[in-house]
1. Between Gln53 and Ala101, how high is the FRET efficiency from 1/(1 + (r/R0)^6) when r is the Cβ-Cβ distance and R₀ = 35 Å? Nearest 0.05.
2. Quick check: from the Cα gyration tensor, does the chain come out rounded (a/c under 1.5), prolate or oblate?
3. Please report, in debye to the nearest 20, how large the charge dipole of the chain is about its Cα centre when each Lys and Arg carries +1 at its beta carbon and each Asp and Glu carries -1 there.
4. For the chain, find the longest principal axis of its Cα atoms and tell me its angle to the long axis of helix 95-105, 0 to 90°, nearest 10.
5. Restricting to DSSP loop positions (anything but H, G, I, E, B) with no more than 16 other Cβ atoms inside 10 Å of their own Cβ, which trypsin sites (Lys or Arg not before Pro) remain in region 112-187?
6. Over the chain, give the accessible area per residue in Å² for a 1.4 Å probe, as an integer.
7. What's the FRET efficiency of Leu167 with Asp26 using the Cβ-Cβ distance as r and R₀ = 45 Å, to the nearest 0.05?
8. Among Ser163, Gly42, Gly150, which residue has its Cα furthest toward the positive end of the charge dipole of the chain, with +1 on Lys/Arg Cβ and -1 on Asp/Glu Cβ?
Amino acid sequence: MTQFGRRGLAGLATLLAAAGTAGAEDWPTRPVRIVVPFPAGGTTDLLARLYAQRLTEALGQSVVVENRGGGGGSIGADVVAKATDGHTLLFHNLTFSTTTAALEFAGRAPHSVERDFAPISMGANVPLMLLVHPGVPAKDLKEFVAWAKGRTDLFYGSTGPGSTMNLVGEVLKREAGLRMDHIPFRG
């Protein structure tokens, strides 16, 4: 069994245990919706679809993924926070708590991590990679930082403001003393 398979089944067992403790031994009674608060095609979406497939097989009930992107994940999260059907799950990433906490701090959060959500399971551990154009004379992070120091023509892309890639890029800039402009993409 693959590493995803073991973790997926552990997550599934946790999900079913959570459903059982809620007093719903016959859960699910209808299709389950997994909301991914990002556009289709990204890592979070891909992982949610793998989980949906496994859950469909294990539960004998349809599990569908719905993408509700925008607001750094807060739009989709709010859909789940307001759901009352007991069949709507949120599949978010590392930025869930930071984005929501920032909105709460600013007094603009439509939901609360503590009040509106109950954690079920960690879905996956996904590594991050720094990729550069082949023309950049760097074979590792140390060489990249040495090459990038003092340059003013550097950019880095991310899946949007507040995303994991954006946060990592900003930490790299700060810690290494680099000047790079952020180029956000929709997903």
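1. Efficiency at R0 = 35 Å is approximately 0.65.
2. It is prolate, given that a/c is not under 1.5 and a/b is the larger ratio.
3. Dipole size: approximately 420 debye.
4. 90
5. On the way: sites: Arg115, Lys139, Lys142, Lys149, Arg151, Lys173, Arg174, Arg179, Arg186; in loops: Lys139, Lys149, Arg151, Arg179, Arg186.
When the trypsin sites (Lys or Arg not before Pro) of region 112-187 are filtered for loop state and at most 16 Cβ neighbours within 10 Å, Lys139, Lys149, Arg151, Arg179, Arg186 remain.
6. Here the per-residue accessible area is 61 Å².
7. Taking R0 as 45 Å, the efficiency between Leu167 and Asp26 is 0.60.
8. Checked the options; the winner is Gly150.
The values are calculated or read from the model by the stated rules, or taken from the named source; none is laboratory data. Note that the structure is predicted; figures quoted are calculated from it, not measured. All Cβ positions, even for glycine, are placed from backbone atoms using ideal geometry, and neighbour counts span all protein chains on display. What goes into the accessible areas is simple: the full protein's heavy atoms, side chains included, and nothing from ligands, DNA or RNA. Shrake-Rupley method; radii C 1.70, N 1.55, O 1.52, S 1.80 Å.
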